């Protein structure tokens, strides 16, 4: 069998449905093998977008998404997606081509040591030097990418190896189970929770990666312990639950941090230090219990005293079985915090100013989106507003990146989300800066015939950094930019372009876009003048006054 055919057979054996990518001449044998396969090629306009799509596919399915690029500049364009997947815990396999390694007539033209380049950014990276090694290399790449903690892997297939013949056969996937936590560790954790007066549950990204929603909901309902989430843990439990205390969108000073300050035991379910810390540990203040698939990476801000290492859902089930509500538990302070938070979340929801106010934006988006609708956020200041104010009803319905926090991922992520969940409503939420980094993928969405809405929040600046710049009392410099006419830009690709002229017009327009087939882009001017007043002062002052 031709090596490239064997390679594709190995991908099929792993259950691969799509390959996202932009091939080059070094991939042509592999491309021809893909043409004869049931695997679908999703041709993108940039390798970075292909990587973001593959990572999002992995995030949503738990199976490694696959992306393809050629050698040299194609491979270097996958560096950011590699870091995005590895830090974000998203399983992904990157495939890159290379010049012939047995005999090349082109010297060092376009040659970069891609394997060495990918070493610090992946869990596993190899050049395939023999066609006979393909089954083992592919199997190991998927195993490493998908096992906890998930991340990026990489294989380089040189042009001459792809053309070789081989008698090797595909290796089947192995049956495996995730490890179960030690009984003694569960016992220690349960005893610490039982002895606490004000235990508090924190839900992080690891609980969102695997379906832990049912076990966590049963734990909360059975024990009555209140909970909050990190940015990447949103939606694991319905955020309209009466015991929800908010989201740690801000680093400190929010209402949820008043609850954290008064807790004497935090059950940290699925969080690790790669995600921006939702709270800072100080010695002697409280017990922190680490519940995750792997042991804690100790940091100056995070050094848990008890670790329950194993399958998160099973660990939570074991803890729930070992616990019952305790008479000495006192959640009255948490109830007070929740009351103040609920009142504050309504402030600005009907603000009529235009350009639109961020709280009105989030409130109207939430009112229009169905419970299973998916928002795919790029990176910018609006991410904080959505993380704090948008109340998720289901897991993985607000996709944001609080690990690498790369701009340019919003639109590609939305395309992948729509491919994985074609029946759901999907909206990409992008700042004008982040959108323009991969705006060309509008053509990809149109070509694929997707029903997709792209919301471009326009402030004609790099708003997040401009806000930080002002907060540090630096004069405004180097942040303002120009933009195309986004409506006409969308139309030039065959998409529909829209621009509301008032805050009141936004929600009906968004509803129209979600209900009308095709790719829609909404150019929405946004007013960020309240960033400093609300996020840095109002929330801090109101929460401190409780």
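When residue 260 is tested against the conditions (1) in a loop (DSSP other than H, G, I, E, B); (2) on the phi < 0 side of the Ramachandran plot; (3) surrounded by fewer than 24 Cβ atoms within 10 Å (Cβ to Cβ), the lone failure is (1).
Checked against (1) under 20 Å from residue 73 (Cα atoms); (2) at pLDDT 95 or above; (3) out of contact with any strand residue (DSSP E or B) (no Cβ under 6 Å at 6 or more places or on another chain), residue 153 passes all but a single condition, namely (3). Reported count of residues in region 282-299, each being part of a loop (DSSP other than H, G, I, E, B) and within 25 Å of the chain's Cα centre (by Cα), is 6.
When region 301-354 is limited to residues that are in contact with a helix residue (DSSP H, G or I) (Cβ under 9 Å, 6 or more places away or on another chain) and in a strand (DSSP E or B), the one that is surrounded by the most Cβ atoms within 10 Å (Cβ to Cβ) turns out to be 308.
Scanning for something assigned to a strand (DSSP E or B), within 29 Å of residue 168 (Cα to Cα), modelled with pLDDT of 95 or more and within 14 Å of the chain's Cα centre (by Cα), does region 5-22 turn up at least one residue? First the steps, then the outcome.
Keep residues of region 5-22 that are assigned to a strand (DSSP E or B), which gives 18-22.
Remaining after also requiring within 29 Å of residue 168 (Cα to Cα): 18-22.
So of that shortlist, the ones also modelled with pLDDT of 95 or more come out as 18-22.
Add one more test, that the residue is within 14 Å of the chain's Cα centre (by Cα), and what stays is none.
Looking for residues that are assigned to a strand (DSSP E or B), within 29 Å of residue 168 (Cα to Cα), modelled with pLDDT of 95 or more and within 14 Å of the chain's Cα centre (by Cα), one finds none in region 5-22, hence no.
Taking region 355-393 as the range and being part of a helix (DSSP H, G or I) and within 16 Å of residue 508 (Cβ to Cβ) as the test, the residues that pass are 360, 361, 363, 364, 365, 366, 367, 368.
Do you know which of the residues in region 446-473 that are outside any helix (DSSP H, G or I) and out of contact with any helix residue (DSSP H, G or I) (no Cβ under 9 Å at 6 or more places or on another chain) is modelled with the highest pLDDT? Applying the filter and picking the extreme gives 449.
For residue 494, the requirement of being part of a loop (DSSP other than H, G, I, E, B) and either buried (at least 21 other Cβ atoms within 10 Å of the Cβ) or outside the structural domain of residue 48 (by TED's automatic domain parsing) (or both) is met. Residues in region 17-27 that are in contact (Cβ under 8 Å) with a residue 24 or more places away in the chain and surrounded by fewer than 23 Cβ atoms within 10 Å (Cβ to Cβ): 18, 22, 23, 24, 25.
Taking each residue of region 505-526 that is assigned by TED's automatic domain parsing to the domain that holds residue 490 and without any contact (Cβ under 8 Å) to a residue 40 or more places away in the chain and looking for partners that are outside any strand (DSSP E or B) and crowded, with 18+ Cβ neighbours inside 10 Å with beta-carbon atoms closer than 7 Å, six or more apart or interchain, yields 509/500.
The numbered conditions (1) under 22 Å from residue 353 (Cα atoms); (2) touching a residue at least 60 places away in the same chain (Cβ under 8 Å); (3) surrounded by 13 or more Cβ atoms within 10 Å (Cβ to Cβ) are all true for residue 502 except (3).
Restricting 97, 89 to those that are modelled with pLDDT under 95, crowded, with 16+ Cβ neighbours inside 10 Å and under 29 Å from the mean Cα position of the chain (by Cα) reduces the list to 89.
The values are calculated or read from the model by the stated rules, or taken from the named source; none is laboratory data. Only a predicted model underlies this, so the values are computations on that prediction, with no experimental measurement involved. Cβ atoms come from the backbone with ideal geometry, glycine included; neighbour counts cover every protein chain shown.
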